[in-house]
Amino acid sequence: MKLFIDTANVSEIREMAWLVDGVTTNPSLVAKEKRPFREIIAEICELVDGPISAEVIGLETDTMVAEARTLAPIHDNIVIKIPMTEAGMKAVKILTSEGIRTNVTLVFSANQAMMAAKCGATFVSPFVGRIDDMGGDGMGLIAEIKDCYQNYCFATEILAASIRHTRHLLDAALLGADVATVPYGVLKKAFDHPLTDLGIARFLKDWEGVPR
Ligand code: G3P
């Protein structure tokens, strides 16, 4: 499974660049940074050599395509994030025909994921955390999409998004998501276990008794 970091914060990305395979941003994450969007995206592209998702703001097909055509030339690694709407899927079809990679975002059903795949999306982003927030089964959606895609060998990669904790990360891997995009804090926690800390402390204590 590929591991992306879900942030627009360049300090977080710089710290985790050695580990991650790509970066996802969204308008909310970019807004937190109080810096120009294109400047942030260009900087991220210098830090991580992998897919970097940059989201369009327009809601009409024409405006989405126009925005995508200005964002894609920033760097070869740019992937255009398009919201899951009918107009958005028309934009995905056009961009795919132009060789511009896309990440269909705000996906909450397997039917939406199939539409994205039919239109040639590079990635599809089911938002597991937001589904769980409403009492739904976010990981169940990942499993459904996986089944649908496997039935027809769709090339679209399943990118588990809206990951809130390390169990989400593990479940995404167990279900065979192609990618998980993970916030900085969750990524850091994935290294930790209290028994590891206890084990290190015990080894060091016991080592004090070894004659030197
Ligand atoms: O990649 C999409 C993700 O950033 C959304 O996460 O936590 O706002 O639901 P969240």
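Distance between the modelled labels on S97 and E39, one decimal in nanometres: 3.7 nm (7 Å Cα→Cβ projection). Which of the trypsin sites (Lys or Arg not before Pro) across the range 147-193 are loop residues per DSSP, with 15 or fewer other Cβ within 10 Å? Answer in residue order: no site qualifies. On a per residue basis, the range 158-200 carries 51 Å² of accessible surface, using protein heavy atoms and a 1.4 Å probe.
Rolling a 1.4 Å sphere over the protein heavy atoms, what is the accessible area per residue of the range 55-116, to the nearest Å²? Could you put the intermediate results ahead of the total?
Numbers: 2800 Å² over 62 residues.
Accessible area per residue, the range 55-116: 45 Å².
Compute the distance from the alpha-carbon center of the range 182-212 to that of the range 109-159, in whole Å. Each part reduced to its Cα centre gives a spacing of 37 Å.
Near V56, the amide H atoms lying under 5 Å from its own belong to K81; only residues 5 or more places off or on other chains count, and H is placed 1.01 Å from N. Exposed loop sites are taken as chymotrypsin sites (Phe, Trp or Tyr not before Pro) in a DSSP loop (any state but H, G, I, E or B) with at most 15 other beta carbon atoms within 10 Å; the longest stretch of the chain without one runs 19-190. Once the Kirkwood radius over Cα pairs is known for the range 57-212, the Stokes-Einstein relation at 37 °C and 0.692 mPa s delivers a diffusion coefficient of 189 µm²/s. Zone of D49 (label point 7 Å along Cα→Cβ, backbone N under 16 Å): which residues in the range 98-136? Once the point is set 7 Å along Cα→Cβ of D49, nothing inside the range 98-136 turns out to lie under 16 Å by backbone N. Ellipticity at 222 nm from helices only: DSSP H runs of n ≥ 4 in the chain, each -39500 (n - 2.57), divided by the residue count, give -15000 deg cm²/dmol. In loop segments of the range 64-149 as defined by DSSP, the GluC sites (Glu not before Pro) with at most 13 further C-beta atoms inside 10 Å of their C-beta are E98. All C-alpha pair distances within the range 1-92, sorted into 10 Å bins from zero, spread as 17, 49, 29, 5 percent across the bins.
Backbone amide hydrogens, once placed in the peptide plane, bring T102 within less than 5 Å of I80, T122, F123, excluding anything fewer than 5 places away on its chain. When the accessible area of the chain is split by element with a 1.4 Å probe, what percent falls to carbon and sulfur? Whole-percent figure for carbon plus sulfur exposure: 57.
The values are calculated or read from the model by the stated rules, or taken from the named source; none is laboratory data. Just so it is clear, the model here is predicted, and its values are computed rather than measured. Cβ atoms come from the backbone with ideal geometry, glycine included; neighbour counts cover every protein chain shown. Ligands, DNA and RNA are excluded from the accessible area calculation, which covers all protein heavy atoms including side chains. Shrake-Rupley method; radii C 1.70, N 1.55, O 1.52, S 1.80 Å.
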